[in-house]
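What follows is a short report on a single structure.
The values are calculated or read from the model by the stated rules, or taken from the named source; none is laboratory data. Given the structure is predicted, the values throughout are model-derived calculations rather than measurements. With ideal geometry, Cβ positions are generated from the backbone for all residues, glycine too; neighbour counts draw on all protein chains shown. Calculation scope for accessible area: heavy atoms of the full protein, side chains included, ligands and nucleic acids excluded. Shrake-Rupley method; radii C 1.70, N 1.55, O 1.52, S 1.80 Å.
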Amino acid sequence: QVQLVESGGGLVQPGGSLRLSCAASGRFVTIDVMAWYRQEAEKQRELVASITSGGQKIYADSVKGRFTISRDDAKNTVDLQLNTLKPEDTAVYYCMVGARKNWNVRSNNYWGQGTQVTVSS
């Protein structure tokens, strides 16, 4: 099993910054993709940003130029730097990793418990 622990959410004023962190632990041999999703109340969960083991990054159009995703494979962590935050960024942010238990199997997706980000004056 893989456990994910997220941290860094909170309340921030518009234009402010936050940094979210997610640490993976448990039984796996490698992590392929690491990502952050978010979900607003009564809306579907959406991809915010993802990063592959090769370093390729994808961002939602709404966060391009403001958010930056990074990973540290030595620590099995993925961070999301949120800059120039807007009220519409308010949501619960979830960490997701695609981890493999063995080298010859496909990865499974694992989710964190979510961390609240609120952007308000």
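A few remarks follow.
- Qualifying residue in the stretch 25-34 (condition: within 30 Å of S121 (Cβ to Cβ), buried (at least 20 other Cβ atoms within 10 Å of the Cβ) and touching a strand residue (DSSP E or B) at 6+ places or on another chain (Cβ under 8 Å)): no
- Residue count, the stretch 57-84 (criterion: open to solvent by 80 Å² or more (accessible area, probe 1.4 Å) and closer than 18 Å to N109 by Cα): 3
- Yes/no for G10 being at pLDDT 95 or above, open to solvent by less than 40 Å² (accessible area, probe 1.4 Å) and on the phi > 0 side of the Ramachandran plot: yes
- Residue, surrounded by the most Cβ atoms within 10 Å (Cβ to Cβ), within the stretch 85-116, restricted to residues that are under 12 Å from the mean Cα position of the chain (by Cα) and among the hydrophobic types (A, V, I, L, M, F, W, C): C95
- Cβ-Cβ under 8 Å pairs, at least 6 apart or on other chains, the stretch 3-25 side touching a residue at least 24 places away in the same chain (Cβ under 8 Å) and farther than 22 Å from N108 by Cα, far side open to solvent by 40 Å² or more (accessible area, probe 1.4 Å) and of a type in the set (K, R): G8/R19; P14/K86
- The C-beta contact set for the stretch 53-67 (first residue within 17 Å of V78 (Cα to Cα), second residue of a type in the set (G, A, S) and in a loop (DSSP other than H, G, I, E, B), distance under 9 angstrom, 6+ apart or interchain) comprises Y59/G65; F67/A60.
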